[in-house]
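Report on the following structure.
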Amino acid sequence: LLKASADHPEMLIEPMIESEDDDLALRIMKLLEQLATESTVTPLGGLLPRLEGDLRTQLVKVIARFQTDEAKQMLSALVSDTNPEIRRTVIKALSQFDGDIETKELRAQLAHKDFHSRSLEEKKGLLMILAQTERKGAIEFLSEVIGRKRWFESKKREETRACAVLALGQTGCDEVQTTLQQYAQDKSESIRGAARLAMSNLTEKLAAAAAK
C-alpha cells in the first residue's frame, strides 16, 4: 500500500475511511499530507464527501496547499460549509490565489442569519477576498453592508460593518477615498480605526499601481 501510494496517495483514503482506529487514521492522514501533489488534488477532492469531522478538515487543509484551478474550484464550493474551521481554512487559502475567484457564494454568505456571529477572521477574510477580486464592482455591495446600521447595534454587527469598511481599501479604487475619510470621523471607534487602516492600504495600492 505504501509503495503504491507514493504515486497515488489518494489510495490511502480508503483504509483511512474503513479504519476504526483513530490513531491509525491520523497516521495515514499525516502520510497523505507528505505525499499529496498537484496532480492528486482532483481525486482527493472527490473523496471529501465521504469524510467527516477532523479527517475531512485535514483533507481540506491538504488541498488548500495547492494553487491549481481545480483546488480553487473545490475550495470556493466549501465557503458555505457548516464547519467553521473548514470555512476559515478555505478563506485563508483563497486569499492567496492569483486571478479571478467565483464570488457568488462569498456574497451569499452575508445573507446567512449567523454571518454577524462568525469570527472576525472569517468575516474580514471573506470581505477582503470579495474586494480584491471584484475591485470596483464590490464598492456598492460593501457600501450596502456598511449602511446596514441599527439603532441599537450589537458589537458583532458593528464588527461586520468595520470589516466592510476595511475591505473598501482593498479595492484599490481611488474613488473610495472620500467615503473612507467620512468613515474616519464616524462615532464608532471600530469604524474609525477600520477607515484609517483602509486609507493606508489604499494609498499603498495606488502607489504600487502608479509605479508600474
For the range 72-109 the number of residues that are more than 20 Å from SER119 (Cα to Cα), more than 13 Å from the chain's Cα centre (by Cα) and open to solvent by less than 50 Å² (accessible area, probe 1.4 Å) is 0
Within the range 146-186, restricting to residues that are of a type in the set (S, T, N, Q) and closer than 30 Å to ALA210 by Cβ, the one that is least open to solvent (accessible area, probe 1.4 Å) is THR171
Of those in the range 187-212 that are basic (Lys, Arg) and over 26 Å from HIS116 (Cβ atoms), the residue surrounded by the most Cβ atoms within 10 Å (Cβ to Cβ) is LYS205
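Which of the residues belonging to the range 184-203 are assigned to a helix (DSSP H, G or I) and more than 18 Å from LYS136 (Cβ to Cβ)?
Residues satisfying the conditions are GLU189, SER190, ILE191, ARG192, GLY193, ALA194, ALA195, ARG196, LEU197, SER200.
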Residue count, the range 43-61, condition touching a Ser or Thr at 6+ places or on another chain (Cβ under 9 Å) and either part of a helix (DSSP H, G or I) or on the phi > 0 side of the Ramachandran plot (or both), comes to 3
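Quick check on my filter: what residues within the range 110-148 are over 15 Å from the mean Cα position of the chain (by Cα) and assigned to a loop (DSSP other than H, G, I, E, B)?
Hits for the range 110-148 are ALA111, HIS112, LYS113, ASP114, ARG148.
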Result of the Cβ filter at 8 Å on the range 31-56, keeping first residues that are more than 21 Å from GLU85 (Cα to Cα) and free of Cβ contacts under 8 Å to residues at least 60 places away in the same chain and partners that are open to solvent by 10 Å² or more (accessible area, probe 1.4 Å) and in a helix (DSSP H, G or I), at least 6 apart or interchain, is LEU31/LEU2; THR40/GLU10; THR42/GLU70; PRO43/GLU10
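The values are calculated or read from the model by the stated rules, or taken from the named source; none is laboratory data. Given the structure is predicted, the values throughout are model-derived calculations rather than measurements. With ideal geometry, Cβ positions are generated from the backbone for all residues, glycine too; neighbour counts draw on all protein chains shown. Surface areas here come from the heavy atoms of the whole protein model, side chains and all, with no ligands, DNA or RNA. Shrake-Rupley method; radii C 1.70, N 1.55, O 1.52, S 1.80 Å.
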